[in-house]
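Here is the structure we will look at.
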Amino acid sequence: MVRMTRSKTFQAYLPSCHRTYSCIHCRAHLANHDELISKNRFVSSCQLSSLQSFQGSQGRAYLFNSVVNVGCGPAEERVLLTGLHAVADIYCENCKTTLGWKYEHAFESSQKYKEGKFIIELAHMIKDNGWD
């Protein structure tokens, strides 16, 4: 009898010298603090005010340029606080917890800066490495 074992999903590790965000449920790395958009100087002041108040289904959330160790579900259109968007839920590849979503398409021109970016709810992440 041959036993099949499930292979472990590859997990990316962010450099330990950088402040990172990790999944609160399994501690898989999710994002480097440098990828947090709310501190991005290229965002207009109008957009910046909305960046600082992102809301997920479970409270406050952050917008990131890029993330690691997440899977992406199918895109669907949703009406969010800032209008109609095509978004895909993202989940932790390690523990499969839904973390937030990826903006696939924004229908309003003022929201185009979100396309290709990721929302992670604060309820699902913790800070790791070098936070004061």
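The values are calculated or read from the model by the stated rules, or taken from the named source; none is laboratory data. Computed from a predicted model, the values in this text were never measured in an experiment. When we count neighbours, we look across all protein chains shown, and the Cβ atoms used for this are built from the backbone with ideal geometry, even at glycine. Ligands, DNA and RNA are stripped out before the accessible areas are found, and what is left, the full protein with its side chains, is counted by its heavy atoms. Shrake-Rupley method; radii C 1.70, N 1.55, O 1.52, S 1.80 Å.
Around the amide H of D128, modelled in the peptide plane, lie the amide H atoms of T20, Y21, S22, all under 5 Å away and 5 or more residues distant in sequence or on another chain. Per residue, the solvent-accessible area of segment 68-123 (1.4 Å probe, heavy atoms of protein chains only, all protein chains present) comes to 47 Å². Using a 1.4 angstrom probe on heavy atoms only, work out the carbon and sulfur share of the accessible area of segment 59-107 in %. Within segment 59-107, the accessible surface is 52 percent carbon and sulfur. Read phi for every residue in segment 113-126 and hand back ³J(HN,Hα) as whole Hz from Karplus 6.51 cos²θ - 1.76 cosθ + 1.60, θ = phi - 60°, with x for Gly and Pro. After applying 6.51 cos²θ - 1.76 cosθ + 1.60, I find 4, 7, 4, x, 9, 10, 9, 10, 6, 4, 5, 10, 9, 10 Hz. A cut-off under 14 angstrom between Cβ atoms defines the neighbours of E76, and their net charge, with Lys, Arg +1 and Asp, Glu -1, is -1. Cross-link reach is defined here as a Cα-Cα straight distance under 17 Å, omitting same-chain residues fewer than 8 places apart; for K96 the aspartates and glutamates meeting it are E121.
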